[in-house]
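The values are calculated or read from the model by the stated rules, or taken from the named source; none is laboratory data. Just so you know, these numbers come straight off a predicted model, no measurement behind them. Positions of Cβ are backbone-derived with ideal geometry, glycine not excepted, and every protein chain shown enters the neighbour counts. Note: areas computed on protein heavy atoms with side chains; ligands, DNA, RNA excluded. Shrake-Rupley method; radii C 1.70, N 1.55, O 1.52, S 1.80 Å.
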Amino acid sequence: MNTETTMRLGVLFSGGKDSLFACWKAMQHEEVACLITVISRNPESYMFHTPNIHLAGLQAEAAGLPLVEAETAGEKETELLDLRRALLEARDRFGIEGVVTGAILSVYQASRVQRLCHDLDLWCFNPLWHTDQEAYMEDLIGAGFRVIITGVFSCPFDASWLGREIDHRALNELRGAARKYRITLTGEGGEFETFVVDAPFFSRRIAIEEASKVYRNHNGVLHIERAGLVER
Amino acid sequence: MILVIDLCYRENSLSRAEFVGPVAGILRGVGAVPIVRHYTAVSAPDLEAADGVILCGTALKDRGFMEGPERFGWLRVFGRPVLGISSGMLPIVATFDIGIEPCPGIGMTDIQVISPDPLFAGKEIFAAYELHEFAVQVTDRFVPLAVSDRCTQALRHCSLPIYALLFHPEVRNEWIIERFFDLTESD
């Protein structure tokens, strides 16, 4: 590899804060050629399931980046074959030389992507790997990301958290919850899921026009039914 | 001061946060003062001021740092503790003429300690994260300290305080980096 030239990279993309922040980091060092999304039909998928993945296309449009999408039934190891198919498509269509993920602590997810990249002779980047979670959340807000919570799966989150933006006040409350309930500040343990409505590299932001909440006993999801792009 | 050497493909690269940041963070957490230098920018004063050196790992495809292995010749005379992590053991391997062989490993593996050493004292077996394409061959110049079911995972030079780990201690085994720092304090 010629270290003087930038690499063309594909970003594994869920629409949540970690993949978009990793994308932004990648843009500061290399060229992001496309986003890559795997849409899982299995809500129990450890690798890919996330609420509102159907809006990945809208986020990609806001970012001005092409999106490679692949569907998967979400069964444990066959979903990796579907991810492999998506990576091959990204390599063929956009000439990617490497893949970026938003993995923070999950060895399960990171090692599976590492193996696929190794098999396909692609570089693998995890710019949030074992990051200082406190500093990361501050950076996220400070850089201008607007992130809302779209899923809660743990105590102490009640229904009021669904749709709430992670601003400094919410972050302070998350800190308190992290101390008291031993959850991760970033939701890395699956305690909550997020959706990014604005990012420093978006040309327009996402406006949520219609959404519904389903919540019971510290488990809930905000389903975004209609959304569009508006001027920032 | 601990000199943390970034072996990634470019100074301030996209890989730095992944392979260098966690190591420096663990050191800061135990009160150490890590100074991070890209391998192309390590100077003689950096080495003179260092109580110990950590050679960090890299992405699997990243081997540019081995294009000039002679730049790591200081390893022969440094005399203070050195820790090579995963691909960060390659400069040690090259400097001391140890052979390597293909042996890809990605994910968690069980590590068994087989020789007594302060770095692993009190541990018999532990799980660790590996990310490598090669394994080292056994040589009488290095003592194998720990193994997995497939290869040697930790080595120490037979007379110098130079350690080489195939796995990544910054993932799930921060205690190893903390103990390495202790070694630099007591050295």
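In table form, for the structure just shown:
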| read-out | value |
| --- | --- |
| Residues satisfying the stated conditions in segment A:167-194, i.e. open to solvent by less than 60 Å² (accessible area, probe 1.4 Å), farther than 23 Å from A:ASN52 by Cα and of a type in the set (D, E, K, R) | A:ARG175 |
| Checklist (1) in contact (Cβ under 8 Å) with a residue 40 or more places away in the chain; (2) surrounded by fewer than 24 Cβ atoms within 10 Å (Cβ to Cβ); (3) part of a loop (DSSP other than H, G, I, E, B) applied to B:LYS61, failing item | (1) |
| Single condition A:LEU88 does not satisfy, out of (1) assigned by TED's automatic domain parsing to the domain that holds A:GLU225; (2) more than 16 Å from A:LEU20 (Cα to Cα) | (1) |
| In segment A:111-129, residue nearest to the chain's Cα centre (by Cα) [restricted to those that are more than 7 Å from chain B (Cβ to nearest Cβ) and not aliphatic (A, V, I, L, M)] | A:ARG112 |
| Some residue of segment A:143-166 being open to solvent by 20 Å² or more (accessible area, probe 1.4 Å), without any contact (Cβ under 8 Å) to a residue 12 or more places away in the chain and on the phi > 0 side of the Ramachandran plot | no |
| B:PRO91 being within 26 Å of B:PRO34 (Cα to Cα) and either within 14 Å of chain A (Cβ to nearest Cβ) or within 14 Å of the chain's Cα centre (by Cα) (or both) | yes |
| Residue under evaluation A:ARG169, criteria (1) farther than 22 Å from A:LYS25 by Cα; (2) touching a residue at least 60 places away in the same chain (Cβ under 8 Å); (3) over 20 Å from the mean Cα position of the chain (by Cα), criterion not met | (2) |
| Segment A:130-142 - residue that is over 26 Å from A:THR6 (Cβ atoms) and open to solvent by 60 Å² or more (accessible area, probe 1.4 Å) and, of those, farthest from the other protein chains (Cβ to nearest Cβ) | A:GLU138 |
| Matching residues, segment A:84-118, being in contact with a helix residue (DSSP H, G or I) (Cβ under 7 Å, 6 or more places away or on another chain) and without any contact (Cβ under 8 Å) to a residue 60 or more places away in the chain | A:ARG84, A:LEU116 |
| Yes/no for A:PRO200 being under 30 Å from B:LYS61 (Cβ atoms), away from chain B (no Cβ under 14 Å) and not hydrophobic (A, V, I, L, M, F, W, C) | yes |
| Every residue from segment A:199-211 that is open to solvent by 10 Å² or more (accessible area, probe 1.4 Å) and part of a strand (DSSP E or B) | A:ARG205, A:ALA207, A:ILE208, A:GLU209, A:GLU210, A:ALA211 |
